[in-house]
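Contents: one structure, followed by commentary.
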Amino acid sequence: MSLGLLGALSERANPIVLQEVRRGLRTRVFSVVFVLLLVSCAVIALIAFGVYEPGSSSVGKGTFVAVFGGLSVVGFFMLPYSAYRSLSREMEDKTWPLLLLTGLSPRRILAGKVGSTALQALLYASAIAPFLLFAYLLQGVSLVVVAVVLGASIAWHLFLTVAAVTAATLGETRLVRGAMHFVVLGGLLWGAGAGFGYGTAMVMNNSSSDLETMLIIAGVGSWLVLSYGLVLFAVAVSRLTFEADNHAFWPRLALLLHFLGCAALCFGIELPTRSHLHLGFVLGLLGSIHAFMAGLFSATTRPGLSKRLRSQRPRFTLAGLLLPGAANGLHFAMVLVLLFAVAGIGLTALEGTSSDQEREVLTLVLLAAMALIYLSLPIAVGRGWLRRWMVAPAFLQALGVLILVAAVGIPPLGALIADTKVNDPMLNLFNPILGATNVYDDKGTEAVAVLWVVALGLLFWAQRVSAARDREANGG
């Protein structure tokens, strides 16, 4: 009966998971690292047992930190790097198309890569779990802290693995792959240090108030790394999806889920507790920045739809937001900016009356207009005036960044040259940083109104240009 159940499970399991796990467990690296980790943990436990004194908490904490350090090296550096090398090798050897011929979708293949790494991490964690329990028995570390550290470590491991796999999809040429290799190594070294440092800080903390704050940070941080990991995973799937398929669906769906999760988290914390943390303003402010960065990639996607997608295009216009195309990408970017702005303004209004509430709402309205302006301007200019030279998404994205940098740096530089106030409201009207202080001026409402008029005009221009490029790409 059990053999039949195992056979059924193996047939239903992702074949990439089984293949990668078998390949990983048969390597000499796994055998050496696994034995070294167990031996080092055993030596640490023997030393801790020898120096332990009843009533002392330092031995238990030191033992946990030492064992957790070994787990951090494996879980935060070695395993994500092996996932990166596995997919990067598939891209270098041109064996990726052969995987697609098996009938597996890019999503299932990438899920298999990430899942196999997670299973290997679970194997390492189960091997050293007795040593972590031994550290708890030596006193000084509570079970709550152990559970939180391990839970946050799982989220951090998954995020680093997904980020490494996504980086492997960016290497289209040998030069880019070589540069990306060093970027991944540096990022994983930093990630291993950050994960180990946070776990150590939680274990070594003795204050209950600080511990409560760190628990909240761990919960919020785990949600953020998991949600951003989902977005990165969707981006990797999109990059490996054929142009004829709907390569925009998963990234945009992941961004919408990320927004819903962030909004639910902020509303869930603020409304029941009335913590007065100004979470509505934080949601709107950080959401505007996030929506601009994500929208810049969405709005600059290649124009046109494949013939198959055009034949299956839904009549419901909102469903078109999840389809490729220049106009659809611009519409999705606009919706994402407005969603974060409306959620931030709504939560700010529900937080109660305060002296800063009106200015916070006005600031969020201004930031939404700024985001729409600097999303629309590179589209309108690049695809409208310079479309012969700037049709590639990378050029449009670079143009958007250059325009944003110019808007931030030129007004203060001009003020210094003209010997006027650097924070002059009119001079910094379109400055996304100093311009936000216009709401504290007597004419703050008028400045916001001007920005929205400009934003709507640029949006209309960018939409017309994007729709025209779509028609040209579709042969219409």
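The values are calculated or read from the model by the stated rules, or taken from the named source; none is laboratory data. What you see is a predicted model; the values in this text were computed from it and never measured. Here the Cβ is made from the backbone with ideal geometry for all residues, glycine too, and neighbour counts use every protein chain on show.
The set of residues in the range 199-244 being small (Gly, Ala, Ser), modelled with pLDDT under 80 and under 30 Å from Gly325 (Cα atoms) consists of Ala244 alone.
Answer yes if at least one residue in the range 75-86 is in a loop (DSSP other than H, G, I, E, B) and in the same structural domain as Ala194 (by TED's automatic domain parsing), and no otherwise. No: the range 75-86 contains no residue that is in a loop (DSSP other than H, G, I, E, B) and in the same structural domain as Ala194 (by TED's automatic domain parsing).
Scanning the range 129-142 for residues that are more than 30 Å from the chain's Cα centre (by Cα) and among the aliphatic types (A, V, I, L, M) yields Leu132, Leu133, Ala135, Leu137, Leu138, Val141. Count of the range 14-47 residues, restricted to those that are surrounded by 15 or more Cβ atoms within 10 Å (Cβ to Cβ) and either of a type in the set (D, E, K, R) or not assigned by TED's automatic domain parsing to the domain that holds Ala111 (or both), is 1.
In the range 262-282, of all residues being assigned to a helix (DSSP H, G or I) and farther than 16 Å from Ile217 by Cα, the one that is modelled with the lowest pLDDT corresponds to Thr273.
Every residue, every condition in (1) surrounded by 15 or more Cβ atoms within 10 Å (Cβ to Cβ); (2) modelled with pLDDT under 75; (3) farther than 24 Å from Ser238 by Cα, yes or no:
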{"residue": "Phe316", "(1), (2), (3)": "no, yes, no"}
{"residue": "Leu330", "(1), (2), (3)": "yes, no, no"}
{"residue": "Val335", "(1), (2), (3)": "yes, no, no"}
{"residue": "Phe340", "(1), (2), (3)": "yes, no, no"}
{"residue": "Ser354", "(1), (2), (3)": "no, yes, yes"}
{"residue": "Gln357", "(1), (2), (3)": "yes, no, yes"}
{"residue": "Val361", "(1), (2), (3)": "yes, no, yes"}
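Exactly one residue out of Val439, Val381 is modelled with pLDDT of 85 or more and buried (at least 19 other Cβ atoms within 10 Å of the Cβ), and it is Val381. Here the condition is being part of a helix (DSSP H, G or I), in the same structural domain as Gly140 (by TED's automatic domain parsing), in contact with a helix residue (DSSP H, G or I) (Cβ under 7 Å, 6 or more places away or on another chain) and farther than 30 Å from Gly103 by Cβ; of Gly199, Gly178, Gly193, Gly229, it holds for Gly199 alone. Number of residues in the range 90-146 that are outside any helix (DSSP H, G or I) and among the small types (Gly, Ala, Ser) equals 4. Search the range 407-422 for residues being under 27 Å from Pro378 (Cα atoms) and of a type in the set (Val, Ile, Thr), and hand back the single one that is modelled with the lowest pLDDT. Per the stated criteria, the residue is Val422.
Given the structure, is Ser288 in the same structural domain as Glu360 (by TED's automatic domain parsing) and either within 18 Å of the chain's Cα centre (by Cα) or buried (at least 21 other Cβ atoms within 10 Å of the Cβ) (or both)? Considered against the rule, which asks whether it is in the same structural domain as Glu360 (by TED's automatic domain parsing) and either within 18 Å of the chain's Cα centre (by Cα) or buried (at least 21 other Cβ atoms within 10 Å of the Cβ) (or both), Ser288 comes out as yes.
Consider Val74 carefully, then state whether it is under 30 Å from Leu46 (Cα atoms), more than 24 Å from the chain's Cα centre (by Cα) and surrounded by 15 or more Cβ atoms within 10 Å (Cβ to Cβ). Taking the combined requirement at face value, the residue does not satisfy it. For the range 52-60, state whether one or more residues are among the β-branched types (Val, Ile, Thr), assigned to a helix (DSSP H, G or I), at pLDDT below 90 and more than 27 Å from the chain's Cα centre (by Cα). The answer is yes; a qualifying residue exists. Taking first residues from the range 447-476 that are assigned by TED's automatic domain parsing to the domain that holds Asp424 and more than 18 Å from Pro425 (Cβ to Cβ) and partners that are buried (at least 16 other Cβ atoms within 10 Å of the Cβ) and acidic (Asp, Glu), the Cβ contacts under 9 Å between residues at least 6 apart in sequence or on separate chains come to Gly476/Asp470.
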